[in-house]
Amino acid sequence: MEHYKMFSNYEEVDNTFEVTVADNGFVLKFNAKEIGKDDSWASDVSFVFGNLEQLSSAIDALKELM
């Protein structure tokens, strides 16, 4: 899965994020600003990953945007 595409709707990402262990995998939650929308900070943007490898890859991609 190309995780950069997952975050392509956001132009600014808050420099903190939260990971929660859930029944169906890992939940990655963060705050970000949508591209082209003034004052459009979306709070609690969430993605679910089925395994630790997917989560780690997504975190690496997210850190690149920060």
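The values are calculated or read from the model by the stated rules, or taken from the named source; none is laboratory data. The shown structure was predicted, so the numbers you read here are calculated from the model rather than taken from an experiment. Please note: Cβ atoms are built from the backbone with ideal geometry, for glycine as well, and neighbour counts cover all protein chains shown. Accessible surface is based on the protein model in full, side chains and every heavy atom, while ligands, DNA and RNA are left aside. Shrake-Rupley method; radii C 1.70, N 1.55, O 1.52, S 1.80 Å.
Quick notes
- Index of the failed condition, Phe26 passing every other in (1) in a strand (DSSP E or B); (2) within 17 Å of Tyr10 (Cβ to Cβ): (2)
- Residue count for the range 44-58 satisfying the condition of being within 14 Å of Lys5 (Cα to Cα), assigned to a helix (DSSP H, G or I) and in contact with a strand residue (DSSP E or B) (Cβ under 7 Å, 6 or more places away or on another chain): 1.
- Residue within the range 20-32 that is over 17 Å from Glu64 (Cα atoms) and of a type in the set (Lys, Arg) present: no
- Residue in the range 32-49 that is open to solvent by less than 50 Å² (accessible area, probe 1.4 Å) and among the polar types (S, T, N, Q) present: yes
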